[in-house]
Amino acid sequence: MNDATTEETQIADNPRTRVRINTEIEGEPAKILLELKQRGLVSDNTDAVNQGLLVLYDRTLRRDLARLQLRQLKEVQ
């Protein structure tokens, strides 16, 4: 069994999945993070990462839906 399959099984079976991220960001993303914290839009780094991932996931789902709708429309024509 490969790692991806193992991870998928663990995620599906675990109601509280956790991932540790230990990294540094530099440049423009770092400036954006500091500005968002200063403006009170994110409370801390974890909040910023969580919000960013949720927005990225939402955009991805919307893009996938739009592609699917376009494909279905083309099939109907």
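The values are calculated or read from the model by the stated rules, or taken from the named source; none is laboratory data. As the structure is a computational prediction, the values presented were derived from the model and not from experiment. Please note: Cβ atoms are built from the backbone with ideal geometry, for glycine as well, and neighbour counts cover all protein chains shown.
One table, with the values for the structure above:
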item: Options L36, L73; residue that is in a helix (DSSP H, G or I), at pLDDT 95 or above and over 17 Å from the mean Cα position of the chain (by Cα); result: L36
item: Number of positions in segment 43-77 that are farther than 28 Å from I25 by Cα, aliphatic (A, V, I, L, M) and surrounded by 10 or more Cβ atoms within 10 Å (Cβ to Cβ); result: 4
item: Positions within segment 17-38 being more than 15 Å from Q51 (Cα to Cα) and either in contact with a helix residue (DSSP H, G or I) (Cβ under 6 Å, 6 or more places away or on another chain) or basic (K, R) (or both), in sequence order; result: T17, R18, R20, K31
item: Residue list for segment 14-33, restricted to those being surrounded by 10 or more Cβ atoms within 10 Å (Cβ to Cβ) and either at pLDDT 95 or above or of a type in the set (D, E) (or both); result: I25, P29, A30, K31, I32, L33
